[in-house]
Amino acid sequence: MTEESYIIVGAGVFGASTALHLIDKYPSASITLIDRNAKCGASWDWNKVIRSDYRDELYTRLALEARELWVNDALYKPYYHAVPMVWISGTEPSVYVENHRKAGVEPNFKMLTVDEAKSEFGGLFKDADYEGVDKIYVNYDSGWAEAKDVLDNVVAAAVSKGVKFIACGVSTVVFDESGSRAIGVRTSAGDFISGTKVILCNGAGLPKLMADSAPDRDDLQPGPNITAASVITGNASSGSDVSKLMGSPICSKGTGLQGGYIPPTVHTPLKFWSDMTYKNTVQHPSERTMSMPPAGEDNNQWAVPEAMSRELEEAAIGILGPDSGITLCDFRVCWELTTASEDNIISPHPACKDLYIATAGSFHSFKFLPILGKYVVQMLDGALDPDLTTRWAWDQPVFSNGDRERYPTRELKEFWSFERPRQVI
Ligand SMILES: Cc1cc2nc3c(=O)[nH]c(=O)nc-3n(C[C@H](O)[C@H](O)[C@H](O)COP(=O)(O)OP(=O)(O)OC[C@H]3O[C@@H](n4cnc5c(N)ncnc54)[C@H](O)[C@@H]3O)c2cc1C
């Protein structure tokens, strides 16, 4: 039994998984999950890659743990599609193999030469750009998930067990008189909702929420190693012939204009993503300068500068070649919270009691949906492994941008001001 009342802000993968794992562990606790329900966070997408290939041993191990559930658990399995994943990258791929072996798993992989890659998979990648690439790694135990549908299913499962879902924005975290303890949240409708533990899982909305909540408190704001950032995605347009890509591998290209695609099905689109990241630096009324998603109900996610969509098209050409017959549409700027280390944050806030952070997927954390909440509950209970406590701390080491390729250096607004000539795919 617990007397705790938990407030979870944000129902992306971190918030939804936390709600489900909390109610499973503490069935009689009061758990409120609040999301402004605009379905525009990083998690609310058509489809996401589920892979275990990481240069970092920790995330290989976690991805393998999550994959067991994607493949076998009734909650996740209906939304999981097993396909190989092809890596066209200039980075030495043997580290992926080593990390699987360190985790006690023999990967089901192949290492191809460029010539072999051109003829494999029915010649799908015969016209890809292989400059700077000499080994192509293929992991046959990869796949992708129907993102929005599985997330809806997890939220519904949590609600069916007793979690209360409120569709509303949160305007501020509310503190006690001394400011040293979080006691609840104020919604955008003006209601105060009290809780003994407030858990912020609100992704790219976090820097603004902290600045709105405590404009005079530097000690509560995210440090320079945490920022809201975006990438763009686009789908094949309806006139494109995507039949040859049905059931095909996922492909990730790590050279040139970086990005990848997830294959289509009859009811899900062929989706391309870009690995180029952007920020939107603005001045908050507290006079802090920070990156946050553009104002607007849905983060203005459908307002994509032409020059950015051109970059995605070029990334697609780098994979499928210039004559694939595929054109892109539905360009979307998608925001999330990212750290320079690409680690998550699953941590108590060091400057405020009963305030916790569980977010910062750093563009790779959807795949951990089945297990994220388990680690968040361990953190809340003070039982998180010390190594994970350090890796996922709020105060993470500061890296220079040059060290970390995914940490954004480019500004969204720059892209509104120049033209990038269109190349026809
Ligand atoms: C384009 C793109 C492609 C990606 N592809 C992959 C992939 O293929 N595989 C993979 O594993 N990972 C992928 N990722 C990463 C993954 O999607 C994210 O790491 C993950 O979804 C982050 O989850 P989150 O819960 O932290 O944030 P989010 O999913 O952004 O959720 C935050 C939630 O908080 C809500 N919110 C924000 N502020 C407030 C407020 N003030 N009040 C109330 N609610 C609020 C939002 O509405 C949102 O629902 C991708 C990310 C992006 C952006």
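Annotations for the structure displayed:
- Yes/no for residue 107 being in a helix (DSSP H, G or I), at pLDDT 95 or above, away from the ligand (no atom under 16 Å from the Cβ) and at negative phi: no
- Among the candidates 331, 272, residue that is within 20 Å of the chain's Cα centre (by Cα), closer than 21 Å to residue 254 by Cβ, touching a residue at least 12 places away in the same chain (Cβ under 8 Å) and not in a helix (DSSP H, G or I): 272
- Any hit, region 2-9, residues being touching a residue at least 40 places away in the same chain (Cβ under 8 Å), in contact with a helix residue (DSSP H, G or I) (Cβ under 9 Å, 6 or more places away or on another chain), closer than 22 Å to residue 300 by Cβ and not in a helix (DSSP H, G or I): yes
- Residue count for region 215-244, restricted to those that are more than 26 Å from residue 13 (Cβ to Cβ) and at pLDDT 95 or above: 5.
- Of the listed requirements (1) touching a Gly at 6+ places or on another chain (Cβ under 7 Å); (2) charged (D, E, K, R); (3) within 23 Å of residue 247 (Cβ to Cβ), residue 77 misses just one: (1).
- Enumeration of residues in region 164-188 that are in contact with a Cys (Cβ under 9 Å, 6 or more places away or on another chain) and either of a type outside the set (A, V, I, L, M, F, W, C) or closer than 12 Å to residue 10 by Cβ (or both): 179, 180, 181, 187, 188
- Candidate set from region 287-303 (those that are surrounded by 21 or more Cβ atoms within 10 Å (Cβ to Cβ) and in contact with a Lys or Arg (Cβ under 7 Å, 6 or more places away or on another chain)); member that is modelled with the lowest pLDDT: 301
- Tally of residues being more than 17 Å from the chain's Cα centre (by Cα), surrounded by 23 or more Cβ atoms within 10 Å (Cβ to Cβ) and within 12 Å of the ligand (Cβ to nearest atom) across region 143-179: 2
- Hits in region 364-408 - residues which are within 12 Å of the ligand (Cβ to nearest atom) and modelled with pLDDT under 95: 406, 408
- Taking the criterion of being more than 7 Å from the ligand (Cβ to nearest atom), in contact with a Leu (Cβ under 6 Å, 6 or more places away or on another chain) and in a loop (DSSP other than H, G, I, E, B), the only residue of region 19-60 that qualifies is 52.
- The residues of region 54-73 that are surrounded by 23 or more Cβ atoms within 10 Å (Cβ to Cβ) and of a type in the set (D, E, K, R) amount to a single one, 67.
Yes or no, residue by residue, for (1) farther than 15 Å from residue 231 by Cα; (2) within 16 Å of the ligand (Cβ to nearest atom); (3) out of contact with any Cys (no Cβ under 7 Å at 6 or more places or on another chain); (4) not aromatic (Phe, Trp, Tyr):
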{"residue": "303", "(1), (2), (3), (4)": "no, yes, yes, yes"}
{"residue": "306", "(1), (2), (3), (4)": "no, no, yes, yes"}
{"residue": "310", "(1), (2), (3), (4)": "no, no, yes, yes"}
{"residue": "314", "(1), (2), (3), (4)": "no, no, yes, yes"}
{"residue": "319", "(1), (2), (3), (4)": "yes, yes, no, yes"}
{"residue": "326", "(1), (2), (3), (4)": "yes, no, yes, yes"}
{"residue": "332", "(1), (2), (3), (4)": "no, yes, yes, yes"}
{"residue": "338", "(1), (2), (3), (4)": "no, yes, yes, yes"}
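- Flag for residue 230 being surrounded by fewer than 20 Cβ atoms within 10 Å (Cβ to Cβ), among the hydroxyl-bearing types (Ser, Thr, Tyr) and within 14 Å of the ligand (Cβ to nearest atom): no
- Taking residues in region 173-191 that are polar (S, T, N, Q), and partners anywhere that are within 13 Å of the ligand (Cβ to nearest atom) and in a strand (DSSP E or B), the pairs with Cβ atoms closer than 8 Å and at least 6 places apart or on different chains are 187/34; 187/166; 187/170; 187/171; 187/193; 188/170; 188/171.
- A search for C-beta distances below 6 Å between a residue of region 343-360 that is farther than 16 Å from residue 22 by Cα and in a strand (DSSP E or B) and any residue that is more than 10 Å from the ligand (Cβ to nearest atom) and basic (Lys, Arg), counting only pairs 6+ apart in sequence or on different chains, returns 353/181.
- The listed residues are 298, 343, and the only one of them that is within 12 Å of the ligand (Cβ to nearest atom), in contact with a helix residue (DSSP H, G or I) (Cβ under 7 Å, 6 or more places away or on another chain) and charged (D, E, K, R) turns out to be 343.
The values are calculated or read from the model by the stated rules, or taken from the named source; none is laboratory data. Treat the numbers as computed from the prediction; the structure is a model and nothing was measured. In this analysis, Cβ positions are derived from the backbone assuming ideal geometry, glycine residues included, and neighbour counts consider all displayed protein chains.
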